[in-house]
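Visitor: Sending over a structure as structure tokens; questions will come in a sec.
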Amino acid sequence: MLKKKVAFYTMGCKLNYAETSTIARKFSNLYYHHVPFKSYADIYVINSCSVTKNAEIEFKHIIRSARNLNLKAFIIVIGCYAQLNPEVVSSIIGVDLVLGYEEKFKIIDYVNRKWFLKKKYYAKIISKKTYFPSFSVGDRTRSFLKIQDGCDYKCSYCIIPISRGASRSESMENILKNIRFLFNKGVKEIVLTGVNIGDYGKNIYGENQRLYTFFDLIQAIDQIQEKGRIRLSSIEPNLLKNECIEFLSKSKHFVPHFHIPLQSGSNDILVKMHRRYRRELYQEKVKKIRYLMPDAYIGSDLIVGFPGETHKHFLETYHFLNELEISSLHIFTYSTRPNTKSSTIQKNVSKKIQWKRNQVLRVLSNKKYRFFCKKQISTKKTVLFEKNSHNKEYLYGYTENYIRTKIPLNSYNSSIYENTLQDVLMKKVDKDGIMIAEPIN
């Protein structure tokens, strides 16, 4: 029997990557052969995103790319955009099957029942209450492990609570079991992901009360005997308790890497965004981390051009960030999302001003990242080197504090270092912004 070729494409967050990998494993090697997305395939599965309008525009481009590879291919769309707008997604030329949040984990049932022969079908989009465990595993040197899903926060700009539902969590027992499994499979680093991981502990097994806290979880994880690194994904500043920071500073598994969304450095805008903190608390968290972990990487998310953001508000943000000892910024330009509270605010910022503010913050981010990297020169770090993707000049990886690092291949045998943790000496920041390092034998 000739195997069908299946390809996957993931848009958006680390959580989507974890879920794509889990769904891909459902396609048995007995019947399906996995191929890269840019290859000819019989079935293309696209895990979509709806965080921004640009993500939806990119999605249509991806559909066209798949059709260009095989006009007769069967295209399945899953993910947040599929959950929110199944009718719109199913109307796009080339899309054959649309599966919502719960349906996507039953993808093989739909395929095996030959639902896919019925063109322009989308499954009934049902509630988002069930928790589906997910993790990525395969050729990657690291794995994304989902520990939580959904969000109870109602930030005025965010559509994720609508697409993914209320906050719910994986059991602690399953998380610990999966971490041990992944480390024993040879994974060297695990990234804990979710929509709002600091809210971990809600709705485990459908229980209404909180069984555990995020602090309980990280303490339990750190007791695991298997060797490997653990990295946190994004965590809300109000949920990053001081006791957690203190514990992480002494951890044997968790690396000194924090991604703490700020969104705005103006308290006026934070109020309009319905964020659950003010900039003073954010500043306090950064100072606490810097005091305990001077070399820690601290990344942040920013939204520019939020409705009602004046020049004064933007300057508040810029000056606040300029004085803050963070490592880099991930900058989003605000785009209206349907059915969110911010979509009703009339004071829109022009696209031209949004673009200018975005560029100003990108320059600031680059300056901060280079400054952060230069402070690490002549220090000893541990790099997890990745599999060499046919690069003939360098082998790449990340340090524990998330500095992109490379070593020249003409000096070292790449096969020795691939998918290994190696001590290196940080030498200099190259013109591409990547640190050149030298292995310590």
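Visitor: Relative contact order for the chain: what percent, with Cα pairs under 8 Å and sequence separation of 6 or more?
Guide: 10 percent
Visitor: Return the long-range amide H neighbours of VAL191 (sequence gap of 5 or more, or a different chain), with a cut-off of under 5 Å between placed amide H atoms.
Guide: Answer set, sorted by chain and number: SER143, PHE144, LEU145, ARG231.
Visitor: Let's see if you can work this out: charge +1 on each Lys and Arg Cβ, -1 on each Asp and Glu Cβ, no other charges. What is the dipole magnitude of the chain about its Cα centre, in debye to the nearest 20?
Guide: Dipole about the Cα centre, nearest 20: 1060 debye.
Visitor: With just the Cα atoms defining each centre, how far is region 389-441 from region 166-186? Give it in Å.
Guide: The distance from the Cα centre of region 389-441 to that of region 166-186 comes to 30 Å.
Visitor: Distance in nm between label sites at TYR318 and LYS252, each 7 Å beyond Cα in the beta-carbon direction?
Guide: Simple spin-label model gives 4.9 nm for this pair.
Visitor: Right, here's the next one. Tally the DSSP beta bridges in the chain and give the antiparallel ones as a percent, rounded to 5.
Guide: Close to 35 percent.
Visitor: Moving to a separate point now. For the chain, set up a Gaussian network in which alpha carbons nearer than 10 Å are linked by springs, and say which option among TYR297, TYR81, TYR412 fluctuates the most.
Guide: Maximum among the listed residues: TYR412.
Visitor: Additional query: Counting every Cα pair in region 342-414, what percent are over 13 Å apart? It would help to have the intermediate numbers written out before the result.
Guide: Numbers: 1997 of 2628 pairs.
Of all Cα-Cα pairs in region 342-414, 76 percent lie more than 13 Å apart.
Visitor: In addition: Each residue of region 361-367 in turn: what ³J(HN,Hα) in whole Hz from Karplus with 6.51, -1.76, 1.60 and θ = phi - 60°, glycine and Pro shown as x?
Guide: Using θ = phi - 60°, the values come out as 6, 5, 4, 4, 4, 4, 5 Hz.
Visitor: Next up: With every protein chain present, what accessible area does LYS347 have (1.4 Å probe, heavy atoms only), rounded to the nearest 10 Å²?
Guide: 140 Å²
Visitor: Sticking with this structure for a sec: Toward the positive end of the charge dipole of the chain, about the Cα centre and with charges on Cβ (Lys, Arg +1; Asp, Glu -1), which of SER328, SER415, TYR157 goes farthest?
Guide: TYR157
Visitor: Show me, for region 417-432, the HN-Hα J-couplings you get by feeding each phi into the Karplus relation (A = 6.51, B = -1.76, C = 1.60, θ = phi - 60°), rounded to Hz, glycine and proline as x.
Guide: 9, 4, 6, 10, 9, 10, 6, 9, 9, 6, 9, 6, 8, 6, 5, 8
Visitor: Count the DSSP beta bridges whose two residues both fall in region 285-441, then state the antiparallel fraction as a percent rounded to the nearest 5. Before the final figure, lay out each step's value.
Guide: Working: 18 of 26 bridges.
Around 70 percent of the beta bridges assigned by DSSP in region 285-441 are antiparallel ones.
Visitor: Now for a separate question. Which distance in Å, rounded to a whole number, links the C-alpha centroids of region 1-54 and region 283-336?
Guide: 34 Å
Visitor: Run the accessible area of the chain with a 1.4 Å probe and give the carbon-and-sulfur part as a rounded percent.
Guide: C and S fraction of accessible area: 52 percent.
Visitor: Excluding LYS154 itself, calculate the net charge of residues whose Cβ lies under 11 Å from the Cβ of LYS154, where each Lys or Arg counts +1 and each Asp or Glu counts -1.
Guide: For residues surrounding LYS154, the net value is +2.
Visitor: Also, I was wondering about something else. State the cysteines of the chain left without a partner when partners are defined as other cysteines whose beta carbon lies under 4.7 Å away.
Guide: Among the cysteines of the chain, those whose Cβ sits 4.7 Å or more from every other are CYS13, CYS49, CYS80, CYS151, CYS244, CYS373.
Visitor: Around SER300, under 11 Å between beta carbons, what's the net of Lys plus Arg minus Asp minus Glu among the other residues?
Guide: Net local charge, SER300 excluded: +1.
Visitor: Can you list the residues, at least 5 places off or on another chain, whose amide H is less than 5 Å from the amide H of GLN263, using H built in the peptide plane?
Guide: ASP301, LEU302, ILE303
Visitor: For the chain, with a Gaussian network of springs between Cα atoms less than 10 Å apart, report the residue from GLN359, GLN346, GLN422 with the top mean-square fluctuation.
Guide: GLN346
Visitor: To the nearest 500 deg cm²/dmol, what mean residue ellipticity at 222 nm is calculated for the chain from DSSP H runs of n ≥ 4 alone, each contributing -39,500 (n - 2.57), summed and divided by the residues?
Guide: Calculated at 222 nm, the ellipticity per residue is -9000 deg cm²/dmol.
Visitor: To continue, here is another question. Can you quote the Å³ per residue value for the convex hull of the Cα atoms in region 210-274, rounded to an integer?
Guide: Values: hull volume 6.7 nm³, N = 65.
Output value, Cα hull per residue: 103 Å³.
Visitor: First check a/c for region 283-354, with a ≥ b ≥ c the square roots of the eigenvalues of its C-alpha gyration tensor; if it is under 1.5, answer rounded, and if not, answer prolate when a/b is larger than b/c or oblate otherwise.
Guide: Note, shape of region 283-354 comes out prolate.
Visitor: Might you tell me the accessible area per residue for the chain, computed with a 1.4 Å probe and given in Å²?
Guide: Result: 47 Å² of accessible area for each residue.
The values are calculated or read from the model by the stated rules, or taken from the named source; none is laboratory data. For clarity, every value in this text was computed on a predicted model and none was experimentally measured. Counting neighbours? That spans all protein chains shown, and the Cβs are built from the backbone with ideal geometry, glycine included. Note: accessible area is taken over every heavy atom of the protein model, side chains too, but ligands, DNA and RNA are not part of it. Shrake-Rupley method; radii C 1.70, N 1.55, O 1.52, S 1.80 Å.
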